[in-house]
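The next block holds one structure in the form of structure tokens; read it before the comments.
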Amino acid sequence: MSTEFNSRVTLVTGGSRGIGRATCIALARQGARVAINYVSDKAAALDTLTRVRQVGGDGAIFQASVEQEPAVRRMIETITTELGLIDFLVTNAGIAVQEHHSELNLESFRRMMTTNVEGTFIPIMAVKDGMIERGSGGIVCVASVAGLRPRPLNIAYSTSKAAVVAMARNFAAALGPKVRVNCVAPGLIETDMIAGMDHDSRDVMRQEAFVKRLGRPEDIAEAIVFLLSDKASFVSGQTFVADGGRITLP
């Protein structure tokens, strides 16, 4: 086990399932104290906490809607009291909806932007000053390859994730040199979020990937741990694409 994360507090928004859950577990294995954020599914958050403890980790669950600034501020205060000052932040909470442009409307567009963009901005704003004062910190924002390439059925979602990519890049410039900010852009990952996708579409994406499989939450979790670690000390303002090779940059 690495010692650099030992007893260091990491807040993972949307930590009750999928990529967030896998990230909490991966960080716990490295010795971090994990603050597991959730919105409404307390049972799922408790299950994540159980898994964190099963790998020898420590943590607690904290309820807050990440797009509501007062709730996030209260959550940060509670985390600080119960676990300690926040050293790392992973902004993972988000929603995804596929909509044809004929079905898209301003209300659904605004909902996507509120959850995915404001829900990234508000937690960063809540922790950044403390990190700056202590002279260290790390932030990883979970975006999507949809924010890097055209997605005709994901206009709102893709726009929100492109904004997350830009936000991470600009916060990296603003908060450096002591606080590093990076982005992870997952491809198709086997989580609840793709439960409604038909098998034919999944097979097409699987064959398009160089590695000939879909991603697992653990694949993204390991990338996040790397970006937070000292091994990535020269990496900031970057977007790390993890999609099995379906998209190659530049």
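Readers should treat all values here as calculations from the given coordinates under stated rules, not as data from a laboratory. Just so we're clear, the structure is a prediction, and the values are computed from it rather than from any experiment. With ideal geometry, Cβ positions are generated from the backbone for all residues, glycine too; neighbour counts draw on all protein chains shown.
Candidate cross-link partners of LYS178 among the lysines, defined by an alpha-carbon separation under 20 Å and a same-chain spacing of 8 or more, comprise LYS128, LYS231.
Taking the chain as the reference, fit the longest principal axis to its C-alpha atoms, fit the long axis of helix 217-228 to the helix C-alpha atoms, and give the angle between the two in degrees, 0 to 90, nearest 10. Approximately 50 degrees, to the nearest 10. Site pair ASP203 and ARG73 shows an inter-label distance of 5.4 nm when each label is modelled 7 Å from Cα along Cα→Cβ. According to the Cα-based calculation, Rg over Rh for the chain is 0.95, with Rh computed by the Kirkwood formula. Helix 119-134 and the long axis of the chain differ in direction by around 30°, with both axes built from C-alpha atoms. Find the relative contact order for the chain and round it to a whole percent, using C-alpha pairs within less than 8 Å whose residues are 6+ positions apart. Reported relative contact order: 19 percent. Rounded, prolate or oblate: pick one for the stretch 135-250, where a ≥ b ≥ c are the square roots of the eigenvalues of its C-alpha gyration tensor, a/c under 1.5 means rounded, and failing that, prolate if a/b is larger than b/c, else oblate. Since a/c reaches 1.5 and a/b is larger than b/c, the shape of the stretch 135-250 is classed as prolate. Shown in residue order for the stretch 233-248 are the 3J(HN,Hα) couplings computed by the Karplus curve 6.51 cos²θ - 1.76 cosθ + 1.60 at θ = phi - 60°: 5, 9, 10, 7, x, 9, 10, 8, 8, 10, 9, x, x, 5, 10, 10 Hz (x for Gly and Pro). If one takes the longest principal axis of the Cα atoms in the chain, at what angle in degrees, from 0 to 90 and to the nearest 10, does the Cα axis of helix 18-29 lie? That works out to roughly 30 degrees.
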